[in-house]
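Just so you know, all these numbers are worked out from the coordinates, no wet-lab data involved. Note that the structure is predicted; figures quoted are calculated from it, not measured. FYI the Cβ positions are ideal-geometry reconstructions off the backbone, even for glycines, and counts take in every protein chain you see.
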Ligand code: ATR
């Protein structure tokens, strides 16, 4: 029997990654024969491990914390989106060169548009946070042509750095949390505050009855950010589970040339989470 095409998700830690089960569902559903495993890599061995994986005919890698920037350094071919993101979550080999892309932003946008019927065009968008997660999703959001994008961050200088990086493609507005002028149509939480059940210091006035809140995090319970939005009567409060599945679908599609169906996979993961 021919050897199966090999894929893996690389990170440290990696034990709780949902990527193997997501990609196994995609493979089953689209009748693709492949293997997908987790790969724990030592903090100083990322580059060596990745090069060995491809030298040994590995087909593709997803990359997660803390290696996304190192993956960007290794990739010799980068998509425009990945170049601006400064981070890569998908690697594969083409004509002997390591290609890199970042599918997080397209995953977020697809989740909004396809799974939640939410269009970004002409919307007044607020993004909270200015770290790697936010930089990673900005280009695909910009490509949807919202009327404005404001980046608010605790450390204003980091938001201003993003404005400089994206200046050629979009005029990002930057401010501190206390300076926000809402309500906003769409508020995306890209801070890591949710991880510690915290909220950035936000005035209730930034949420209106038509606001949509999107937390890039997810969990078994409604996130603190989405609890806040619900309490204020926001029209919808979405968490990042759909984004997780959609970014995986985009990686799968880059590797296999087949776009998987995501709805059933999202339902299945949601059920698992709520057990
Ligand atoms: P990531 O890769 O998840 O983006 P990061 O680059 O460390 O991680 O960025 C974390 C983001 O969450 C930053 O915007 C950080 O704000 P600062 O730049 O001011 O540090 C934000 N963040 C983390 N905890 C926060 C909290 N409790 N309140 C507000 N912002 C927070």
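Return the total of residues in the stretch 196-212 being touching a residue at least 40 places away in the same chain (Cβ under 8 Å) and within 10 Å of the ligand (Cβ to nearest atom).
Adding up the residues that qualify gives 2.
Among the residues of the stretch 102-137, write down those that are away from the ligand (no atom under 16 Å from the Cβ), in contact (Cβ under 8 Å) with a residue 40 or more places away in the chain, closer than 24 Å to residue 179 by Cα and not in a strand (DSSP E or B).
The answer is 120, 123.
Name the single residue that is nearest to the ligand (Cβ to nearest atom) among those in the stretch 165-195 being assigned to a helix (DSSP H, G or I) and within 19 Å of the chain's Cα centre (by Cα).
193
Please work out which residue is farthest from residue 63 (Cα to Cα), limiting yourself to the stretch 144-160 and to residues that are more than 10 Å from the ligand (Cβ to nearest atom) and touching a residue at least 24 places away in the same chain (Cβ under 8 Å).
This residue is 147.
Looking for whichever is without any contact (Cβ under 8 Å) to a residue 60 or more places away in the chain and in contact with a strand residue (DSSP E or B) (Cβ under 9 Å, 6 or more places away or on another chain) here; the options are 215, 185. Which one fits? Break it down into steps so the answer makes sense when it comes.
On the way: 185 fails: without any contact (Cβ under 8 Å) to a residue 60 or more places away in the chain.
When all the criteria are applied, what remains is 215.
Are there strands (runs of 3 or more DSSP E) fully within the stretch 42-101 with at least 3 residues that are away from the ligand (no atom under 15 Å from the Cβ) and free of Cβ contacts under 8 Å to residues at least 60 places away in the same chain? List them.
Output list reads 90-94, 97-101.
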